[in-house]
1. List every residue pair whose Cβ atoms lie under 9 Å apart, where the two residues are 6 or more positions apart in sequence or sit on different chains, the first residue falls within region 96-112 and is at pLDDT below 80, and the second residue, located anywhere, is among the acidic types (Asp, Glu).
2. What residue, of 35, 75, 21, is within 21 Å of residue 103 (Cα to Cα) and aromatic (Phe, Trp, Tyr)?
3. Given the conditions (1) at pLDDT 95 or above; (2) part of a loop (DSSP other than H, G, I, E, B), which single one is not true for residue 52?
4. Give region 5-60 a look and list any residue that's touching a Leu at 6+ places or on another chain (Cβ under 9 Å), of a type in the set (Val, Ile, Thr) and surrounded by fewer than 18 Cβ atoms within 10 Å (Cβ to Cβ), or say none.
Amino acid sequence: MYAIVEIAGQQFKVEKDQQVFVHRLEGDESSKVEFDRVLLIEDKGKVSVGAPAIEGARVTAKIVKHLKDDKVIVFKKKRRKGYKVRNGHRQYLTEIKIDGIKLKGATKKAAPKAEKVEAEKPAKEAPAKEAKPKPEEVLKKKETKEEPKGGE
């Protein structure tokens, strides 16, 4: 049995007795935490998928310890400019151990409501725009209207 659960903004595939490193969670070491945002559960070949989450499903876990991840070096450089910056970053993590996956009733959350199909109303027709003459036609009209000058 496994579940896909959203923990601290990330999705994890978890099983019972698995240890997972997640972004720092609030809570003391050895305290219990419960995650109710379960997106999918597979149990003996039967898959339950939520829309977006499965109602009543829970994943319980125990906080093992809080720690920091390995250092990541961030180095920035702009060539020919004499610009170099070296920075380091250590992400705060929490190690949790999955105690169990509970599925109550295996009912899905209500699917998104179907949009009401309204009887198609004839769209309001926009008033017909007067067709603008092409520039060549405008020039021809001007030429025919003007009388030649100079008595030719």
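1. 104/55; 105/55; 106/43; 107/55; 108/55; 109/55; 110/55
2. Details: 75 fails: within 21 Å of residue 103 (Cα to Cα); 21 fails: within 21 Å of residue 103 (Cα to Cα).
Step by step, each of 35, 75, 21 is checked, and only 35 is within 21 Å of residue 103 (Cα to Cα) and aromatic (Phe, Trp, Tyr).
3. (1) is the only condition that residue 52 fails.
4. Result: 33, 47, 49.
Here's the yes/no breakdown for (1) under 12 Å from residue 4 (Cα atoms); (2) in contact with a Phe, Trp or Tyr (Cβ under 6 Å, 6 or more places away or on another chain); (3) in a loop (DSSP other than H, G, I, E, B); (4) hydrophobic (A, V, I, L, M, F, W, C):
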position: 27; (1), (2), (3), (4): no, no, yes, no
position: 56; (1), (2), (3), (4): no, no, yes, no
position: 64; (1), (2), (3), (4): no, no, no, yes
position: 67; (1), (2), (3), (4): no, no, no, yes
position: 74; (1), (2), (3), (4): no, no, no, yes
position: 86; (1), (2), (3), (4): no, yes, no, no
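The values are calculated or read from the model by the stated rules, or taken from the named source; none is laboratory data. Worth saying up front: this structure is predicted, and the values here are computed from it rather than measured. Backbone-built Cβ (ideal geometry, glycine too); neighbour counts: all protein chains shown.
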